[in-house]
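Asks: First the structure, which I've put down as C-alpha cells, then a few questions once you've had a look.
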2 protein chains.
Amino acid sequence: MDLDVVFLGTAGSMPTAQRAPAALLVRRGGDRLLFDCAEGTQRQLLRSSVGLVDLPEIFLTHFHADHVLGLPGMLKTFSLRGRELPLEIYGPRGLVDLMSSLKRVVGKLSYELRLVELEPGDVVERDGYRLAAFAVAHGVSALGWSLIEATRPGRFDVAGADALGVPNGPERGRLQHGEAVTLADGAKITADQVVGPPRPGRKLVITGDTAPNETVVEAAWGAQVLVTEATFSEEERARARETMHQTAAQAADVAKRANVGLLALTHLSNRYFGPEIAREACEVFPETVVPRDFDVVEVPFEERGAPQLVKSGALHRREPEPVSSAPQ
Amino acid sequence: MDLDVVFLGTAGSMPTAQRAPAALLVRRGGDRLLFDCAEGTQRQLLRSSVGLVDLPEIFLTHFHADHVLGLPGMLKTFSLRGRELPLEIYGPRGLVDLMSSLKRVVGKLSYELRLVELEPGDVVERDGYRLAAFAVAHGVSALGWSLIEATRPGRFDVAGADALGVPNGPERGRLQHGEAVTLADGAKITADQVVGPPRPGRKLVITGDTAPNETVVEAAWGAQVLVTEATFSEEERARARETMHQTAAQAADVAKRANVGLLALTHLSNRYFGPEIAREACEVFPETVVPRDFDVVEVPFEERGAPQLVKSGALHRREPEPVSSAPQ
C-alpha cells in the first residue's frame, strides 16, 4: 500500500512567491488526509496533480492564521459544488470556537461539518492505521499527529511451504492468517512453520509548529518519516526560542534522538531559500530533506527501501511563470 | 503618467488551477490601488512583478467570500513585517461589520486600520483623479468604482508661441497655466492664443459582480476601459439572472451602450477557459478582451493610442509548473 506526503505549502507565517503557507496532504491507498489548511490550500491542491478532491477529513495542528485561513474558502467551494458528504475537522481544544468565529464568512454549507476536539493521547482509529494526537510546545493549544499503521502479518515462506508439500490453494491463505492446516497425507502444518514474525507497519509523524520538545522525540521514536518545522537557522536561535519555533539544527537533533528514517523540514521563514536550512540540519542528521511546494516524500515499507524525496520538478509540465510586463 | 490594471485573480467564486479568485491592482504613477482581495491575493502579488507592496488602500466591491477572504492573511502579513503605515479599506455598507467578524482570525495589528463605508454617489478625492462609487445590481450591499482623472491643460502650441515672439522662459509656463503675459515689446499674449482646449483625463471603470444594469451603463459612459464580470455565457443566461451575474453577451451590450474604448471581462465561472467568453462578447462588442491572471490592460491617454491587453506570457521567466509526481 502506497503512503506519501505531498507538501502543498512549506512557508512559515508569510508566503513567498515560491512557497505557500502550511498544508500537507497524506495519501495512503485511497485515503486523503489534509494536515493544516493555510490560505490558498484549495488552489495548491488544484495546481497539484492531486486536484481539489472532496476531502473527508482535515486535521489541524493549531489555530494560528497561517495554518487555518484556507478553511473558509475551501469549505465554501465544496458547498458551491453541492457536496453532501459530511466533512470532519479534527483539532486541539478551541476548534469549535474558531469555526464559530469563521461562520459569518463561511455562511451556510450544503453538507454537515463535524468538529472533533482532541487532547494529547487521543487516537482516531482508521482501517489499517490510527492517528495519535500528541503534545507539542508552541505556547497555544496545539497537537502533533502520528500516523501509525497496524502490524502486518509475517512474510510467507513459499519455498518452505513447497518443501513441506502445502498445495497451492486455500491452505496457504489459512496459514498466512495464522491458522494450522492438515494436509491430504495427514501431516499437520502450523503457521509458524511457513510464516515469518509479524512485521511492523509504518509510522509517519507530523508535528506542526513546535519548539524542541521531549514529547516530540517520544512520539517520533522510530518513525520512517518525521515532518517537522525549521522556521529558523541557528543564527536566529533566540528568535526561535522567543516565538516557540525551532532551528534546523534543533529539529535535526530531535530527529537524531528519535532515531527516525528521514527528516523532512518545512515552515521556513521567508528569510531562507531552503538549501541553507538543509545544510545546517544535515550536519546533525544527514538524512534530512527540505521539500519545496509540490514535492512528495514517499514512505515505502521498510523492506522495500528508505523513504525518499521526489522533487515535483522531476515530472512537471513547463508552463509560463507569471510576471506581469507593465511598468512598475 | 502610466495607468494600467494588473489582473491578479480572474476566477468567479471558485478558483481553478489557472485562475485565482477576484483581485485587480490599478497602477497610476506611483499609486497602487487594490480592488477586491480574494483568498491568495497576497501570494498573487508576490508571484507577479508587482511584489507584495505595503498597499495604502484597498477598495472592496462587496463582501461575498470570493472577494474578501484574502484580507485576513494580507493584513496579518503586513503586521508581521512591522508595518506602521495606516491602511484604509473602502467598501459599501457592512464593511465595519465584516471586519469585526474577521477580528478573531486577524488578531492585533501593528498599524491602524481605517474603514470607510461609502454609498453610491460618494467620491474619494486623490491627487489628479477621483474614485466615484456607483450602484451595481448584485442583490447585496455592493459598489462599482470609477477612476476619473482630472481634466488636463490643453496642448501648448510651440510653433505658434515662437511666431508670436514668446521667449523660451517662464512666460510659457504662465501661459500654459492659463495666465496672460506681456512681452518686452509691450505685446499682450493670452493663453487661448497658444494653448489648445483642455483635454479630458482617462476613465477606468470597475464594476465587481453585477447583473446588467443601467447604473453601470451610466457610470461607464465613455470610459477608456470597462472591467466587468462575465461569470457565464448565454447558455447559462437563466443561471446568470438567478445569481445576479451577467453573461458575456450582456456585458458586451453594456459596453456597447456605454461607448467604452475597451471591455475587459473577468470573474469567469470555472466552466469556461476564456476564449468562448471572448468569442461571445466580441460578436456584440469587438473591442473585448478576457485577461488571464497576471495579464495587464494598459490605458494610455487617448491621443497616444487605444487601451490594450498585454499578456503576462509575453515577458515571463520559464519556471517549472508544479505537478506532484507520486501516485494518486
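The values are calculated or read from the model by the stated rules, or taken from the named source; none is laboratory data. Here the structure is a predicted model, which is why all the values come from computation and not from measurement. Note that each Cβ is placed from the backbone with ideal geometry, even for glycine, and that neighbours are counted across all protein chains shown. We work out accessible area using only protein heavy atoms, side chains counted, and drop any ligands, DNA or RNA first. Shrake-Rupley method; radii C 1.70, N 1.55, O 1.52, S 1.80 Å.
Asks: Can you list the distances in nanometres, one decimal and ascending, from the B:Leu85 label point to the identical position in each other copy, with the point 7 Å along Cα to Cβ?
Replies: Those separations, rounded to one decimal, come out as 4.5 nm.
Asks: Tell me, rounded to the nearest percent, the portion of alpha carbon pairs in the protein assembly as shown spaced more than 33 Å apart. Provide the component values of the computation, followed by the final result.
Replies: Working: 117144 of 214840 pairs.
Cα-Cα pairs in the protein assembly as shown separated by more than 33 Å: 55 percent.
Asks: Put +1 on the Cβ of each Lys and Arg and -1 on the Cβ of each Asp and Glu in chain B; which of B:Gly196, B:Phe294, B:Ala184 then has its Cα farthest toward the positive end of the dipole?
Replies: The residue sitting most towards the positive pole is B:Phe294.
Asks: What whole number of Å gives the distance from the Cα centroid of segment A:42-73 to the Cα centroid of segment B:222-300?
Replies: That distance is 31 Å.
Asks: At a probe of 1.4 Å, how much accessible area disappears from chains B and A on forming the pair, both sides counted, to the nearest 100 Å²?
Replies: Between B and A, the summed buried area is about 5600 Å².
Asks: Heavy atoms only, probe 1.4 angstrom, no DNA, RNA or ligands counted: give me A:Ile58, B:Ile148 ranked by accessible area, highest first. Mind showing how you got there, number by number?
Replies: Working: A:Ile58 0, B:Ile148 35 Å².
Largest accessible area first, the list is B:Ile148, A:Ile58.
Asks: Aspartates and glutamates within cross-link reach of A:Lys188: Cα-Cα under 14 Å, excluding same-chain residues under 8 positions apart?
Replies: List returned: A:Glu171, A:Glu179.
Asks: Here is a further query. Per DSSP helix of 4 or more residues, -39500 (n - 2.57); summed, then divided by the residues of chain A. What does that give at 222 nm, rounded to the nearest 500?
Replies: -6500 deg cm²/dmol
Asks: Where is the GNM fluctuation largest for chain B (alpha-carbon springs, 10 angstrom cutoff): B:Leu175, B:Leu118, B:Leu183?
Replies: B:Leu183
Asks: Shortest first, in nm, what separates the label point of A:Asp54 from those of the same position in the other copies (7 Å along Cα→Cβ)?
Replies: Inter-copy label distances (nm, one decimal, shortest first): 4.7.
Asks: Go ahead and collect, in residue order, the members of segment A:255-294 whose backbone nitrogen is under 11 Å from a label point 7 Å along the Cα-Cβ direction of A:Arg239.
Replies: Correct set: A:269-272.
Asks: Please work out the FRET efficiency for the pair B:Arg104 and B:Arg279, using the Cβ-Cβ distance as r and a Förster radius of 51 Å; give the result to the nearest 0.05.
Replies: About 0.65, to the nearest 0.05.
Asks: Here's something else I'd like to know. Determine the relative contact order of chain A: mean sequence separation of Cα pairs under 8 Å and six or more apart, normalised by residue count, in whole percent.
Replies: 15 percent
Asks: Just to compare against my own numbers: the Cα pair-distance distribution for segment A:188-263, 10 Å bins, whole % per bin, please.
Replies: Whole-percent P(r) values from 0 Å outward: 20, 40, 18, 10, 7, 4, 1.
Asks: Need one number: % antiparallel among DSSP beta bridges in the protein assembly as shown, to the nearest 5.
Replies: Antiparallel: roughly 60 percent of the beta bridges in the protein assembly as shown.
Asks: With charges only on Cβ, +1 for K and R and -1 for D and E, what is the dipole size of chain A about its Cα centre, in debye, rounded to 20?
Replies: Taking the Cα centre of chain A as origin, the dipole is about 780 debye.
Asks: Go through A:Lys76, A:Lys188 and list them by solvent-accessible area, largest first, probe radius 1.4 Å.
Replies: The residues order as A:Lys188, A:Lys76, largest area first.
Asks: Given a cut-off of 23 Å, name the pairs among A:Lys103/B:Lys108; A:Lys108/B:Lys76; A:Lys103/B:Lys103 whose C-alpha atoms lie farther apart than that in the structure shown.
Replies: Exceeds cut-off: A:Lys108/B:Lys76.
Asks: Treating the point 7 Å from Cα along Cα-beta-carbon as the label, what are the nm separations from A:Arg114 to the other copies, to one decimal?
Replies: Ordered by increasing distance: 5.0 nm.
Asks: A follow-up question, please. Note down the net charge around A:Val181, summing +1 for each Lys or Arg and -1 for each Asp or Glu among other residues with Cβ under 13 Å from its Cβ.
Replies: -1
Asks: Would you kindly find the accessible area of A:Glu117, with a 1.4 Å probe and non-protein molecules such as ligands, DNA and RNA excluded, rounding to the nearest 10 Å²?
Replies: That residue has around 80 Å² of solvent-accessible surface.
Asks: Let me ask another. Given a 1.4 Å probe, how much area per residue of the protein assembly as shown is accessible, in Å²? The partial results should precede the final answer.
Replies: Numbers: 26710 Å² over 656 residues.
For the protein assembly as shown, the solvent-accessible area averages 41 Å² per residue.
Asks: What average count of beta carbons from other chains do you get within 10 Å of the Cβ of residues in A:16-24?
Replies: 3
Asks: Would you rank B:His177, A:His245 by solvent-accessible area, highest first, keeping every protein chain in place and using a 1.4 Å probe?
Replies: Per-residue accessible area, sorted high to low, gives B:His177, A:His245.
Asks: Okay, next question. Regarding chain A, what is the average projected area of its C-alpha convex hull, in nm²?
Replies: Mean shadow area of the hull around the Cα atoms is 21.4 nm².
Asks: Rank B:Ala184, B:Ala65, B:Ala230 by mean-square fluctuation in a GNM of chain B with C-alpha springs under 10 angstrom and give only the top-ranked residue.
Replies: For chain B, modelled as a Gaussian network with Cα springs under 10 Å, the answer is B:Ala184.
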